[in-house]
Amino acid sequence: MPDVLYAPVLKGRQGEFGALSLIQSTTRQHTLPILEIVPGPPDETERAAQLRSVIERAAVKLKVWGGSRLLLDAGFLATDVVLRDSFGAVGYSIDAAIEQGVDATPVVRLDDEPRSHRDAATLHAETRRGIAVRLGAGDLDEDPEDIDAALTELLRNLGAVPRDVDLVLDLGVVNGDLSVRAGSRLIADALRGLEAIDEWRNVIVAAGAFPADLSAYSAWTLGEPPRYDAMLYDHLRQRRRLPRVPVFGDYAVANPVLVTGLPHRVPPQLRYTVADRWLVLKGRLNDPRGHEQFYDVCDVIAKHPDFAGAALGNADARIANPRAKGPGNAATWREIGTTHHLDYLVQRITTLGEP
């Protein structure tokens, strides 16, 4: 199996599922997605039924990743509800994904509900597929010896050893030079403080720098938010005495924070990743051209000197010739931005050694 070079954290929404079906085969071979199942609207009267429905819909869409491995995170869902055969959301989601042909690994955290840990332990004992452990910024801010002790206890409870486990060090939002330096120092300290760091199946560092939304950018004005997550990774690799270089992870063209509530209209837009920043451009909500503004958005990006070229993959081919398939909708625009991001990053990592 090819080495894992990139581990994007993706929200389980239509645009992201679409992107997983459109990326290049080389991108797919080197990518280990961390897929977060997004909860549906609250329905306390049918809590178990609603949870099952949310998980089953996500699993069906995950069929596009059949035959490949991913880390499946049910952490946004209520995990203390029994859904089937004593399984909660963690176990039920893994079973549902495996039924669709996906090699799914459950994600747990140090402070998860006991049922989540039991689900993961049972699955690992039965299938030997392994487990992923995701540490957040609060966990990483602890003394490295305490982190190591907590992980040792968790693995004992899970019936796993480091070679069975993907360790995800997730800083969440990074925004600015100070957070880049502080985040890289936090990760470096954790890596140095963990015993037998080379024994873990994968060690992934993740952070996200894309803005929460595009409200700060005016229509038809090109925005260029910096890729602080990539800068953090570069800072980390430059630190001395790093015992293991982790796999790069980010949140693609989304913000780490989950936005809940009813969906709202967004104007035609594109989030386009380049070497050190994103190019973001949007139309107007009330323009009489409606979604056809997307053609003009693509034309601007395709003429930009940092446009990667239609040969990169499906997303860039569509940007270069947007009228061939129509303007699409909000899910389409997110799909195109995410597909380009994944293809572009794997190309950079494989050719330049950096994201």
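The number of residues in region 273-287 that are over 19 Å from Y233 (Cβ atoms) and in a loop (DSSP other than H, G, I, E, B) comes to 5. Pairs linking a residue in region 21-40 that is in contact (Cβ under 8 Å) with a residue 40 or more places away in the chain to a residue that is of a type in the set (S, T, N, Q) and assigned to a strand (DSSP E or B), with Cβ atoms under 8 Å and 6 or more positions apart or on different chains, are I23/T31; L32/N202. When region 79-88 is filtered for residues that are surrounded by 18 or more Cβ atoms within 10 Å (Cβ to Cβ), part of a loop (DSSP other than H, G, I, E, B) and not β-branched (V, I, T), the ones remaining, listed by number, are L83, G88. Selection within region 326-339: residues that are over 14 Å from the mean Cα position of the chain (by Cα) and not hydroxyl-bearing (S, T, Y). The member of this set that is surrounded by the most Cβ atoms within 10 Å (Cβ to Cβ) is I336. Please find, within region 80-110, the residue that is nearest to the chain's Cα centre (by Cα) out of those that are modelled with pLDDT under 95 and of a type in the set (D, E, K, R). So, considering only residues that are modelled with pLDDT under 95 and of a type in the set (D, E, K, R), the one nearest to the chain's Cα centre (by Cα) is D80.
Looking at region 117-128, is at least one residue part of a helix (DSSP H, G or I), closer than 17 Å to I204 by Cα and touching a Leu at 6+ places or on another chain (Cβ under 7 Å)? Taking every residue of region 117-128 in turn, none turns out to be part of a helix (DSSP H, G or I), closer than 17 Å to I204 by Cα and touching a Leu at 6+ places or on another chain (Cβ under 7 Å).
Contact map, region 216-232: first residue basic (K, R), second residue surrounded by 15 or more Cβ atoms within 10 Å (Cβ to Cβ), Cβ cut-off under 7 Å, separation 6 or more or different chains; pairs are R227/A209; R227/R277; R227/W278.
Among the residues of region 94-122, the ones that are in contact with a helix residue (DSSP H, G or I) (Cβ under 7 Å, 6 or more places away or on another chain) and either over 23 Å from T31 (Cα atoms) or among the basic types (K, R) (or both) come to 6 in all. Residue count for region 163-190 satisfying the condition of being surrounded by 20 or more Cβ atoms within 10 Å (Cβ to Cβ), closer than 24 Å to D73 by Cβ and more than 21 Å from the chain's Cα centre (by Cα): 1.
The test for being within 29 Å of G40 (Cα to Cα), modelled with pLDDT of 95 or more and of a type outside the set (A, V, I, L, M, F, W, C) holds for K282.
Residues in region 243-301 that are crowded, with 20+ Cβ neighbours inside 10 Å, basic (K, R) and within 20 Å of L312 (Cα to Cα): R271 only. Against the condition of a type outside the set (S, T, Y), farther than 26 Å from W200 by Cβ, within 15 Å of the chain's Cα centre (by Cα) and buried (at least 16 other Cβ atoms within 10 Å of the Cβ), how does F76 come out, does it pass? Against the criterion (of a type outside the set (S, T, Y), farther than 26 Å from W200 by Cβ, within 15 Å of the chain's Cα centre (by Cα) and buried (at least 16 other Cβ atoms within 10 Å of the Cβ)), F76 does not qualify.
Just one of the listed residues (D296, D306, D343) is part of a loop (DSSP other than H, G, I, E, B) and among the charged types (D, E, K, R), and it is D306.
Residue pairs, Cβ under 6 Å, 6 or more apart or interchain, first in region 131-157 and closer than 22 Å to G249 by Cα, second surrounded by 18 or more Cβ atoms within 10 Å (Cβ to Cβ) and among the basic types (K, R). List them. Close Cβ pairs satisfying both conditions: R134/R109. Could you grab me the full set of residues in region 126-143 that are buried (at least 16 other Cβ atoms within 10 Å of the Cβ) and over 26 Å from L70 (Cβ atoms)? E142 - this is the single residue of region 126-143 that is buried (at least 16 other Cβ atoms within 10 Å of the Cβ) and over 26 Å from L70 (Cβ atoms). Among the residues making up region 220-267, a single one is in a loop (DSSP other than H, G, I, E, B), more than 24 Å from L71 (Cβ to Cβ) and of a type in the set (G, A, S): G261.
Residue by residue, here is whether (1) in contact with a Pro (Cβ under 9 Å, 6 or more places away or on another chain); (2) in a loop (DSSP other than H, G, I, E, B) holds:
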{"site": "V54", "(1), (2)": "yes, no"}
{"site": "A59", "(1), (2)": "no, no"}
{"site": "G67", "(1), (2)": "no, yes"}
{"site": "G75", "(1), (2)": "no, yes"}
{"site": "V90", "(1), (2)": "yes, no"}
{"site": "G101", "(1), (2)": "no, yes"}
{"site": "V107", "(1), (2)": "no, no"}
{"site": "D111", "(1), (2)": "no, yes"}
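Of the residues examined, L270 is not one that is outside any strand (DSSP E or B) and in contact (Cβ under 8 Å) with a residue 60 or more places away in the chain.
Taking region 89-105 as the range and being surrounded by fewer than 24 Cβ atoms within 10 Å (Cβ to Cβ) and either in contact with a Cys (Cβ under 6 Å, 6 or more places away or on another chain) or polar (S, T, N, Q) (or both) as the test, only Q100 passes.
Of the set (1) surrounded by fewer than 19 Cβ atoms within 10 Å (Cβ to Cβ); (2) part of a helix (DSSP H, G or I); (3) under 22 Å from the mean Cα position of the chain (by Cα), all apply to N157 but (3).
The values are calculated or read from the model by the stated rules, or taken from the named source; none is laboratory data. Please read all numbers here as calculations on a predicted model, not as lab measurements. Because the Cβ atoms are built from the backbone with ideal geometry, glycine has one as well, and the counts that use them run over all protein chains shown.
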